[in-house]
Amino acid sequence: MNDHNSSISTKNYWSKRYQEQNTGWDIGGPSTPLKTYIDQLENKDLNILIPGAGNAYEAEYLFSKGFKNVHVLDIAKEPLEAFQKRVPDFPAEQILQDDFFEHQGNYDLILEQTFFCSFPPLPETRKAYAKQTHELLTKNGKLVGLWFNFPLTGEMEKRPFGGSKKEYLGYFEPYFKINTFEKCYNSIPPRMGNELFGVFVKIN
């Protein structure tokens, strides 16, 4: 399967999930760890990307706090259209229907929330994610977010996909300085003990 067909297949898969409201990852608001991180950000001019944004509650929260340069990206149009209706003042040109792995741009901060765990957990794809986040970030830019901390089962359809801290570091250490990557202390109750919170700074 070539990259174009793979991209179409991925888009159709996620569109179907949203059409069927098969969105168990959707917690109805910004996750507590990312909300806590956002609350300590002072620079409202940061250029921020949220890939695989889905219903993009973190973007809505950022926008409500005065962050104007927030970009939401998803391969499926359904969640982006729902987001635009929910947050009508959000700039339409910052709502991006695109394949993250083909996306081009420059961002100071990329927020990770259930995107990494959504695509098949092949080593080459996870390496491609680390490389792509590095390329999209500006000098000293940060990748900040949550990664699921439970073993992979070998099942390639049952999302979310997990992994281990050691595995993840293998992907990120070539590209990032690891500021913190620890078990999350303020996860929502259903995810308590199963999330790692990471702050990675781009190595230039």
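Every read-out reported here was derived from the displayed coordinates using simple, explicitly stated rules and does not represent laboratory data. This one's a predicted model, so the numbers in the text were calculated from it and none came from an experiment. Positions of Cβ are backbone-derived with ideal geometry, glycine not excepted, and every protein chain shown enters the neighbour counts.
Just a few scattered comments:
- Neighbour-count ranking [beta-carbon atoms within 10 angstrom, fewest first] of 118, 64, 31, 164: 64, 164, 118, 31
- Unit charges on C-beta of K, R, D, E only; dipole of the chain, Debye: 400 debye
- Listed by chain and number, the aspartates and glutamates whose alpha-carbon sits under 13 Å from that of residue 44, ignoring those within fewer than 8 places in the same chain, are 108.
- Structure remark: mean-square fluctuation, Gaussian network model of the chain, C-alpha springs under 10 Å; the largest value among 98, 74, 39 belongs to 39.
- Three-way shape call for the chain based on the alpha-carbon gyration tensor, with the a/c threshold at 1.5: rounded
- Rounded to the nearest 5, the antiparallel percentage of DSSP beta bridges internal to the range 53-204 is 65%.
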